[in-house]
Amino acid sequence: MLSKWPYWTHILFTWKKTAGLKVYLNGTFTAGDETGSISESYGDPYSDLVIGTGNDKAYGHYVTGAFDEFVIWERALLPAEIFLYYSAAMGHAIESATTPNAFKELPFTTTTVRAIGVSPPVVSSMHEEVRSSQDPESVPLLGFLKTLPNRTIPHDTASNLTQAFLKNVEEVLSSPGLPEQSGPVVSGLIETVDRVMEHMVANLEPSPNALISLGGTSFVADFSLMKLPHNYNLPHYRFPTRGKNYISVPGEAFTMQSQTTIVGLFYHNMHSYYKEISPAQTRINEAADFKDDKIQVASCLISLNVEPSPALSVNLSGAPLIKIVLTHVLSEEQQEQVLNQSNKIFLYCAFLDYSSKEGVWSNQGCVRSEGNMSYSVCLCNHLTNFAILMQVVPLKLTTGHRVALSTIGYVGCSISIFCLVITLVTFAVLSSVSTIRNQRYHIHANLSFAILVAEILLLISASFDPGTLPCKIMAVLLHFFFLSAFAWMLVEGLHLYSMVVKVFGSEGSKHIYYYGIGWGSPLVICVVSMTSALGSYGEVDNCWLSLKNGAIWAFVAPALCVIVVNVGILISVTRIISRISGENYKVHGDANAVKLTAKAVAVLLPILGISWIFGVLAVNTHSLPFLYIFAIFNSLQGFFVFLFHCLLNSEVRAAFKHKTKVWSLTSSSMRNINVKPFNSDIVRPCVTDGLDQRAVKLPELNTLPLSYLVDEWKQGGCIPH
């Protein structure tokens with residue numbers, strides 16, 4: 001700063017090889033020479049640089065005037081940096097287009113900055129490391145540190161310098177050259193801010209009997225600097241004074257036997273620069289137990305420094321202690337991880353430990369005393385920068401449970417495969433009987449086939465390694481056949497709805513739609529999924545869809561839709577069965593209404609896929625009971641289809657009994673009687689499973705003696721169908 005009475009002038013020269021010499025007066029570019037050349041001979045026999053008058057010596061170059069400040073920078077400043085520096089030095093209010101209105105600088109002041117000395121460098125080895133990680137042209141902060149005054153600073157000047165400094169921190173954080181893994185850089189910046197603020201409050205102009213307070217807010221942080229005189233009575237200190245996030249020091253911790261300084265900082269966005277922290281790079285012993293699960297910063301950073309240090313309890317169960325209250329700031333992904341019951345969440349009260357070369361997260365001397373997933377309360381026996389760290393650990397089953405569930409799966413699938421084969425053979429053998437040839441048993445057969453192939457492929461896929469071509473092929477086939485199984489479960493529900501709740505469409509038209517839903521829709525979904533995400537098949541852990549990139553939703557979404565629709569259909573059918581049962585009780589005095597309803601639900605569950613609800617509950621709650629229930633019901637679905645719709649089904653049993661009689665009577669008639677075969681046999685209606693069936697044609701009876709049919713009719717029997 002140069003004074004040519006009566007005015008002070010701020011003059012700054014910059015020179016770069018590519019831009020030449022530039023002269024700035026009062027923060028504004030005034031003149032320049034882009035083509036000037038470098039000369040080491042200045043035409044002056046004296047090597048000294050003379051500032052001021054030449055006195056009695058014949059210097060060729062000297063300037064008369066009073067110099068208030070003289071600074072040599074390590075690099076050429078940028079125009080914006082020059083203006084910021086000039087504004088701070090002159091006490092002007094600083095406006096920034098990138099700073100919200102809430103963060104505008106303090107009001108304009110006309111205080112003239114005088115006799116500001118040059119402070120020693122406060123850049124530690126950490127700061128050098130930060131600088132080395134950035135292009136020097138893009139780090140105005142480090143050059144700014146060189147100009148910190150090393151003597152008493154007036155209140156207004158300190159305020160403007162603090163704001164200008166935090167503005168430079170903002171410029172560093174918004175620099176496009178900031179590395180992707182910016183944690184170490186940001187830790188270095190935080191330490192730099194601590195050093196600068198400590199230096200600022202130490203040199204703040206004191207008051208003999210009253211405290212000096214300087215506070216404000218910026219885009220980077222809220223800050224508070226306080227200087228308290230000797231023996232000042234401070235019953236309690238809290239920063240910030242308002243809000244849900246704060247750090248507090250009890251009054252008994254302050255010694256007050258000398259002048260005390262306090263620096264508080266609440267950073268707004270620093271936490272967002274810490275992406276993923278390896279547990280091995282921390283001093284948190286609990287986190288090291290889960291070394292493969294990364295740590296994330298889950299709150300804003302808050303800092304407090306008191307000199308001299310307060311007297312705190314060494315024992316964390318004693319008093320006095322520092323209390324830190326921080327609300328959790330979670331991203332959408334973090335919120336999903338917290339809500340996922342299959343994850344265990346660990347929260348740590350941590351701080352940046354600068355005892356080594358760089359800031360390392362540690363929880364030594366801190367304990368989380370209370371809180372939930374929304375906030376945490378920490379007690380610590382020291383002061384520094386604090387934050388809440390979160391570690392998400394997926395819950396894993398013990399070896400015993402994994403073996404048990406795997407065994408249930410293998411045994412259940414094997415039983416289901418055997419039972420489904422019997423079911424399909426039974427339907428094929430009895431397909432000539434009209435009651436088994438109807439649409440309902442066609443649907444049962446298609447569902448059984450889809451489940452059978454899916455479970456066979458599931459057992460085979462266990463022998464392939466993820467990432468191989470056979471594994472990818474298996475994953476595609478499994479996707480198709482499991483989707484087909486769900487599609488035919490939907491067809492089962494729709495057919496049941498059309499027969500019981502609301503009759504619509506002809507048998508032929510529904511037949512076409514059913515096959516389109518059962519086999520066509522899974523094919524379309526698989527083709528779309530393969531086209532968009534073929535690399536998601538059979539790549540990780542097993543021969544199935546990837547869980548990481550969302551490809552699993554190509555199966556989960558259709559399955560959930562089928563479950564929701566079939567649950568609605570089951571409720572509607574159950575209500576109708578309950579109503580009919582109630583009416584039967586009124587007319588016939590049958591008290592088995594509840595039993596009949598329960599039986600109907602049990603019969604419908606396997607073919608509607610409702611048991612997969614336990615799979616949803618098992619994934620969302622990671623509850624062992626649900627995992628075992630799902631393993632049993634899912635692996636034995638084929639067995640239940642065989643049990644309720646083949647073995648215990650009265651129509652199938654009657655048809656099988658009839659088929660047996662046909663075989664035996666046909667053999668007997670061929671040996672003993674020559675009877676003219678019937679072209680068709682129409683039987684009277686009968687009741688099977690409580691539902692009236694239409695008279696049907698039985699081609700198998702062409703070879704039966706007429707006497708058999710007459711006997712059956714006279715005895716009031718019902719020819720099975």
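Taking the options VAL306, VAL249, name whichever one is aliphatic (A, V, I, L, M), assigned to a strand (DSSP E or B) and farther than 30 Å from GLU171 by Cβ.
VAL249
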For this session: Could you please tell me which pairs satisfy a Cβ distance under 7 Å, a separation of 6+ or placement on different chains, a first residue in the range 257-276 that is within 24 Å of ALA158 (Cβ to Cβ), and a second residue that is open to solvent by 20 Å² or more (accessible area, probe 1.4 Å) and in a helix (DSSP H, G or I)?
Result: THR261/ALA202; VAL263/GLU198
Problem set entry | Residue that is touching a Pro at 6+ places or on another chain (Cβ under 6 Å) and among the aliphatic types (A, V, I, L, M), where the choices are ALA287, ALA280, ALA298, ALA311 | ALA287
Exercise. How do the pairs read when you match residues in the range 279-300 that are in contact (Cβ under 8 Å) with a residue 24 or more places away in the chain and part of a loop (DSSP other than H, G, I, E, B) with residues anywhere that are exposed (fewer than 12 other Cβ atoms within 10 Å of the Cβ) and not aliphatic (A, V, I, L, M), using Cβ under 6 Å and keeping only pairs 6 or more apart or on different chains?
Worked result: LYS294/GLU276
Exercise. Given the conditions (1) among the polar types (S, T, N, Q); (2) in contact with a His (Cβ under 9 Å, 6 or more places away or on another chain); (3) surrounded by fewer than 14 Cβ atoms within 10 Å (Cβ to Cβ), and given that THR399 satisfies all but one, which numbered condition is not satisfied?
Worked result: (2)
For this session: Spot the failing condition for ILE11; the list is (1) open to solvent by 40 Å² or more (accessible area, probe 1.4 Å); (2) at pLDDT below 85, and only one is missed.
Result: (2)
For this session: State which residue is farthest from LEU211 (Cα to Cα) when the search covers only the range 148-159 and only residues that are at pLDDT below 85 and among the polar types (S, T, N, Q).
Result: ASN150
Problem set entry | Filtered residue count, the range 324-366, keeping only those that are of a type in the set (Lys, Arg) and under 30 Å from LEU624 (Cβ atoms) | 1
For this session: Select from the range 220-240 the residues that are polar (S, T, N, Q) and modelled with pLDDT of 90 or more and list them in ascending order.
Result: SER224
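State whether one or more residues within the range 256-263 are among the aliphatic types (A, V, I, L, M), on the phi > 0 side of the Ramachandran plot and surrounded by fewer than 17 Cβ atoms within 10 Å (Cβ to Cβ).
Yes, because at least one residue in the range 256-263 is among the aliphatic types (A, V, I, L, M), on the phi > 0 side of the Ramachandran plot and surrounded by fewer than 17 Cβ atoms within 10 Å (Cβ to Cβ).
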For this session: Evaluate the following for LEU301: is it surrounded by 15 or more Cβ atoms within 10 Å (Cβ to Cβ), over 19 Å from the mean Cα position of the chain (by Cα) and at pLDDT below 90?
Result: no
For this session: Quickly run through the range 314-357 and pick out the residues that are open to solvent by less than 40 Å² (accessible area, probe 1.4 Å), of a type outside the set (A, V, I, L, M) and not in a loop (DSSP other than H, G, I, E, B).
Result: THR327, HIS328, GLN334, ASN343, TYR348, CYS349, PHE351, ASP353
Exercise. Restricting the search to the range 179-232, which residues are free of Cβ contacts under 8 Å to residues at least 24 places away in the same chain and among the hydrophobic types (A, V, I, L, M, F, W, C)?
Worked result: ALA210, LEU211
Exercise. Which residue out of LEU145, LEU178, LEU166, LEU141 is at pLDDT 65 or above and either under 17 Å from TYR86 (Cβ atoms) or open to solvent by less than 20 Å² (accessible area, probe 1.4 Å) (or both)?
Worked result: LEU166
For this session: Tell me, please, whether a residue that is modelled with pLDDT of 90 or more, among the β-branched types (Val, Ile, Thr), open to solvent by 40 Å² or more (accessible area, probe 1.4 Å) and in a helix (DSSP H, G or I) can be found in the range 469-480.
Result: yes
For this session: Please identify the pairs in which a residue from the range 560-579 that is open to solvent by less than 60 Å² (accessible area, probe 1.4 Å) has its Cβ atom under 8 Å from the Cβ atom of a residue that is among the polar types (S, T, N, Q), counting only partners at least 6 apart or on another chain.
Result: THR574/THR597; ILE577/THR597; SER578/THR597
Problem set entry | Index of the failed condition, SER272 passing every other in (1) in a helix (DSSP H, G or I); (2) open to solvent by 20 Å² or more (accessible area, probe 1.4 Å); (3) touching a strand residue (DSSP E or B) at 6+ places or on another chain (Cβ under 6 Å) | (3)
Problem set entry | Pick from the range 364-396, criterion without any contact (Cβ under 8 Å) to a residue 24 or more places away in the chain and in a loop (DSSP other than H, G, I, E, B), ranking: surrounded by the most Cβ atoms within 10 Å (Cβ to Cβ) | LYS396
For this session: May I ask you to say which residue of PHE266, PHE219 is within 43 Å of the chain's Cα centre (by Cα), part of a strand (DSSP E or B) and of a type in the set (A, V, I, L, M, F, W, C)?
Result: PHE266
Exercise. Taking the range 433-453, which residues are of a type in the set (Gly, Ala, Ser), open to solvent by 10 Å² or more (accessible area, probe 1.4 Å) and in contact with a helix residue (DSSP H, G or I) (Cβ under 6 Å, 6 or more places away or on another chain)?
Worked result: ALA445
Exercise. When you look at LEU420, is it in contact (Cβ under 8 Å) with a residue 40 or more places away in the chain and surrounded by 22 or more Cβ atoms within 10 Å (Cβ to Cβ), yes or no?
Worked result: yes
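The values are calculated or read from the model by the stated rules, or taken from the named source; none is laboratory data. Everything numeric in this text was worked out from a predicted model, so none of it was measured. In this analysis, Cβ positions are derived from the backbone assuming ideal geometry, glycine residues included, and neighbour counts consider all displayed protein chains. These area figures cover heavy atoms from the full protein model, side chains too; ligands, DNA and RNA do not enter into them. Shrake-Rupley method; radii C 1.70, N 1.55, O 1.52, S 1.80 Å.
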